[in-house]
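Okay, structure first, notes after.
The values are calculated or read from the model by the stated rules, or taken from the named source; none is laboratory data. Nothing here was measured: the structure is a model prediction, and the numbers come from that model. Cβ placement follows ideal geometry from the backbone for every residue including glycine, while neighbour counts extend to all protein chains displayed. Surface accessibility is based on the protein's heavy atoms, side chains included, excluding ligands, DNA and RNA. Shrake-Rupley method; radii C 1.70, N 1.55, O 1.52, S 1.80 Å.
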Amino acid sequence: MFFLFGFGQHIKDVGPGEFRTCRRCNNHTQWRRVETSQRFTLFFVPVLSWGKKRMEQCTVCGESLHSR
Ligand SMILES: [Zn+2]
């Protein structure tokens, strides 16, 4: 029997974020809101996920911040 499994961070785009000035690239843009979680998949089907966090990410350089 052969098992195909994966493990890693999953990033889900949950829509547009706020307009912010980035502390890294100094561009003032609308950030995107993402939800990150750790997940374990078996045959590409997620079976476990944990550590869900809401973040906002700069669309220019990828800098991210925790959001409320
Ligand atoms: Zn940036």
Of residues in the stretch 48-68 being open to solvent by 80 Å² or more (accessible area, probe 1.4 Å) and either under 30 Å from Phe3 (Cα atoms) or touching a Pro at 6+ places or on another chain (Cβ under 6 Å) (or both), the one nearest to the ligand (Cβ to nearest atom) = Lys53
Can we say Phe7 is modelled with pLDDT of 95 or more and exposed (fewer than 12 other Cβ atoms within 10 Å of the Cβ)?
-> no
Considering the stretch 21-47 alone, what residues qualify as being open to solvent by less than 50 Å² (accessible area, probe 1.4 Å) and within 16 Å of the ligand (Cβ to nearest atom)?
-> Cys22, Cys25, Thr29, Trp31, Val34
List pairs: first in the stretch 43-68 and closer than 15 Å to His10 by Cα and of a type in the set (A, V, I, L, M, F, W, C), second modelled with pLDDT of 95 or more and within 15 Å of the ligand (Cβ to nearest atom), Cβ under 6 Å, 6+ apart or cross-chain?
-> Met55/Val34
Within the stretch 10-20, how many residues are out of contact with any His (no Cβ under 8 Å at 6 or more places or on another chain) and within 16 Å of the ligand (Cβ to nearest atom)?
-> 3
